[in-house]
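The next block holds one structure in the form of structure tokens; read it before the comments.
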Ligand SMILES: [Mg+2]
């Protein structure tokens, strides 16, 4: 008789390229090496897509408005992104992963989870697999990768940050729960700024604080994410590595600290959502014809409005324009708005051959 308690501990690796876009640019242009570099637009409304470590030393990071980045680092060099090159490198990396396992779940062009519990090389030690993979990535692409090794996705992801850049770390079942207790919740994968702010309101600052809350409390205040938070506070995350899922939609949503009653204020909240979903389209080489806006009111009733165009949306501004128009159709609002979301669907992947290697993305947890 088999029960779940006798199943072997899983071996999960999270591989994350170091400053990926910026490192590719420095690799391909020696004049950029050792210099503070931002990939992205330098125009007034541009955003940093990736920053080199030299730029990060000045406090520049991805998603920062270019104007702010330039103020923090006056010598910052802006380079336009070359997504075709990043996608080609990403494909090389995935081929290396595939030598070890078919259980590969890409999160973006430069990050993936691998389940190596059963692996194609019959290797027992996941840290050795991670080291081999990083060495091969360096040989093939000339780029550095970091890795986290653990018994679930959440901890593997947290671990890959510990010895970055060009390092790896392991979190064992023995150390997982204690590791989580000391972490600030705002650093948890799956806890965005809005959620961190709400946790803060309930006095939850660390993993230990989170662990002190009951499952019922977390479900009441964080809905579907409640059980996930309850688990990770204990170092538990049962989510499987999901290979080969074809993505159907890309979504982002945000719950507000205070409900919003005003159309202009609500419309302003659409911009970061549009940026998030558009960024994912760009990095994944994906286009979308349908834009959907989800509106959840203070009484938890919900409305959605969609528009499908004959051609894929062209840029972030168009996503924002359509979403704003859709939101305006439900104004005056039935109730104050508690949550807004934007989802892109009717997707086409420009790289037809690797559609199967993409995973469903939920930017919101
Ligand atoms: Mg990375």
When the range 258-305 is examined, which residues are found to be within 28 Å of residue 106 (Cα to Cα) and not in a helix (DSSP H, G or I)? 285, 286, 287, 288, 289, 290, 291, 292, 293, 294
Restricting attention to the range 123-141, report how many residues are free of Cβ contacts under 8 Å to residues at least 40 places away in the same chain, in a helix (DSSP H, G or I) and farther than 15 Å from residue 16 by Cβ. 4
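Table: residues versus (1) within 16 Å of the ligand (Cβ to nearest atom); (2) under 22 Å from residue 256 (Cα atoms); (3) within 19 Å of the chain's Cα centre (by Cα).
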{"position": "154", "(1), (2), (3)": "no, no, yes"}
{"position": "162", "(1), (2), (3)": "yes, no, yes"}
{"position": "180", "(1), (2), (3)": "no, no, no"}
{"position": "193", "(1), (2), (3)": "no, yes, yes"}
{"position": "214", "(1), (2), (3)": "no, no, no"}
{"position": "227", "(1), (2), (3)": "no, yes, no"}
Do the conditions hold for residue 113, that is, is it under 23 Å from residue 250 (Cα atoms) and modelled with pLDDT of 95 or more? yes
Specify the residue that is surrounded by the fewest Cβ atoms within 10 Å (Cβ to Cβ); the eligible residues are those in the range 312-365 that are assigned to a helix (DSSP H, G or I), modelled with pLDDT of 90 or more and under 20 Å from the mean Cα position of the chain (by Cα). 316
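Considering every residue within the range 244-257, establish whether at least one is more than 30 Å from residue 111 (Cβ to Cβ), surrounded by fewer than 16 Cβ atoms within 10 Å (Cβ to Cβ) and in contact with a strand residue (DSSP E or B) (Cβ under 8 Å, 6 or more places away or on another chain). Spell out how you get there, then give the answer.
Here is the first cut: in the range 244-257, the residues more than 30 Å from residue 111 (Cβ to Cβ) are none.
Scanning the range 244-257 turns up no residue that is more than 30 Å from residue 111 (Cβ to Cβ), surrounded by fewer than 16 Cβ atoms within 10 Å (Cβ to Cβ) and in contact with a strand residue (DSSP E or B) (Cβ under 8 Å, 6 or more places away or on another chain).
The values are calculated or read from the model by the stated rules, or taken from the named source; none is laboratory data. Small disclaimer: the values here were computed from a predicted structure and weren't measured. Because the Cβ atoms are built from the backbone with ideal geometry, glycine has one as well, and the counts that use them run over all protein chains shown.
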